[in-house]
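Asks: Dumping the structure here so I can ask a few things about it.
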Amino acid sequence: MMRETLAAFSAWLELTPFSRTLQTVEWAIPAVQTVHILAIAAVMGSMLLFNLRLLGLRGTDVPLARVSKRFVPVIWGSVLVLLASGAVMIAAEPARSLLNPVFQLKMALLLTALALTTAAERPLRRRPGYWSDTVVRGRVARLFATLSIGLWVAILCAGRWIAYVAVH
Amino acid sequence: MLHVRGWLDWLYATGWASAIRENEYAFPWIECVHVLAITLVVGSISIVDLRLLGLASRDRPVGRVLRDVLPITWAAFGLAATSGFLLFASNAPAYARNPFLLVKFGLILLAGLNMVVFHWWARHSLQQWEASPLPPLRAKLAGAVSLLCWIGVVAAGRWIGFTMMSRP
């Protein structure tokens, strides 16, 4: 049912003037992909420095709450750019992505990574020392950071694999 | 130029280059590593560049940002160069003909030159201005050149992939 709805939506989207323009203007797709990759670079750099600070491996001369304030908004801003540029790529070739299991996996991983980022960042707003208050919290913070790095790497790989997994 | 041609053909024919070309998983996975490495290069170096431009991390001395971030940039660059070489080898003669590859190499060289000039100039003067939120013009210039070079590298890289894909 879900699949049929997505297939019907893809078929409609493919024929819209916007989609047609994207398919015919040769530089449109690589240009949008470049924006997409630059936004991924901003996410990867920001999430890595935030998570390495949570792990106590980088930036230990700056309080965690300040590192969080410096980098977490960049993650959110970049995700907005990623959603917009991603939507344009979907519009250009709807079936290739919407019906692709790797794309669906990527979206699920993205939601998980964003939930994890929120869970790590939120407590710092009210209490800057939250993650170092107790030994257990310190462990949870390091677990969150490790999972988060793994998730973002997996999201990036899934993104690259969308192009290689055929949709039947 | 004959020996270059010969080297490209030799590279193309090596066992491991053939393996990357013929195995349906090898190329996409090496591409994942390459994209991951490049996003880490750009994502980390842009933190330095924005600090040099006085646009972010303004409350942190430049020297500390450099010490914190550059090891990540260099490790990621090593990974990007290695994975990039493997992708190149898999289809060496065709990649060598791609004009965007030349653009990309030129921009990486320019970014490297910019870095050498900046570090040479900053080796004595850094202590005088590193704590200031807004660095001197020469530092801002170095940050701007670096940022533009790396944006160009990402764009050229995306265009290499795009123009190679449409090859029969």
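Where a number appears in this text, it was derived from the coordinates with a stated rule and is not lab data. For clarity, every value in this text was computed on a predicted model and none was experimentally measured. Positions of Cβ are backbone-derived with ideal geometry, glycine not excepted, and every protein chain shown enters the neighbour counts.
Asks: Of A:Ala92, A:Ala154, A:Ala108, which is the most mobile in a GNM of chain A whose springs link Cα atoms less than 10 angstrom apart?
Replies: A:Ala108
Asks: Which one, A:Val136, A:Val32, A:Val102, has the greatest fluctuation when you compute a Gaussian network model over chain A with C-alpha springs under 10 angstrom?
Replies: Top of the fluctuation ranking is A:Val136.
Asks: Helix check for chain B. Which DSSP H runs span at least 15 Å along their own axis by Cα, with a mean Kyte-Doolittle hydropathy no less than -0.5?
Replies: B:2-13, B:26-52, B:62-90, B:99-129, B:137-165
Asks: Still on this structure, please answer the following. Alpha carbon centre of the stretch B:76-130 versus the stretch A:107-145: separation in Å?
Replies: Value for the Cα centre distance between the two parts: 35 Å.
Asks: Ignore the peptide's own chain and count Cβ atoms of other chains within 10 Å of each Cβ in A:44-50; give me the average, rounded.
Replies: Whole-number average of other-chain Cβ neighbours for A:44-50 is 6.
Asks: Follow-up question, since we're still on this one. Please identify the cysteines of the protein assembly as shown that lack any partner cysteine with a Cβ under 4.7 Å from their own Cβ.
Replies: B:Cys149
Asks: Where does each of B:117-129, A:45-57 land if you order them by average Cβ count within 10 Å, highest first?
Replies: Averaged packing, sorted descending, gives the order A:45-57, B:117-129.
Asks: For the protein assembly as shown, go through all pairs of different Cα atoms, get the mean of 1/r, take its inverse, and jot down that Kirkwood value in Å.
Replies: 21.8
Asks: Per residue of the stretch A:92-103, in order, report the coupling 6.51 cos²θ - 1.76 cosθ + 1.60 (Karplus, θ = phi - 60°) as ³J(HN,Hα) in whole Hz, putting x for Gly and Pro.
Replies: Whole-Hz 3J(HN,Hα) from phi for the stretch A:92-103: 5, 9, x, 5, 4, 9, 4, 8, 8, x, 5, 5.
Asks: With only alpha-carbon atoms counted, please give the Rg and Dmax of the stretch A:2-162, in Å.
Replies: Taking only Cα atoms of the stretch A:2-162, I get Rg and Dmax of 18.5, 58 Å.
Asks: Within 10 Å of each Cβ of A:29-36, how many other protein chain Cβ atoms are there on average?
Replies: Mean inter-chain Cβ contacts per residue within 10 Å come to 5.
Asks: Under the rule of -39500 (n - 2.57) per DSSP H run of 4 or more residues, summed and divided by the residues of chain B, what mean residue ellipticity at 222 nm is obtained, to the nearest 500 deg cm²/dmol?
Replies: Only helices count here, giving -29000 deg cm²/dmol.
Asks: If you count, for every residue in A:160-167, the Cβ atoms of partner chains within 10 Å of its Cβ, what is the mean?
Replies: Shielding by partners across A:160-167 averages 3.
Asks: Still on this structure, I have one more. Between the alpha-carbon centers of the stretch A:1-64 and the stretch A:152-168, tell me the distance in whole angstrom.
Replies: Result: 12 Å between the Cα centres.
Asks: Further question on the same structure: Compare B:Tyr25, B:Tyr12, B:Tyr95 in a GNM of chain B, Cα atoms joined below 10 Å, and give the one with the largest fluctuation.
Replies: Result for chain B, Cα springs under 10 Å: B:Tyr25 fluctuates most.
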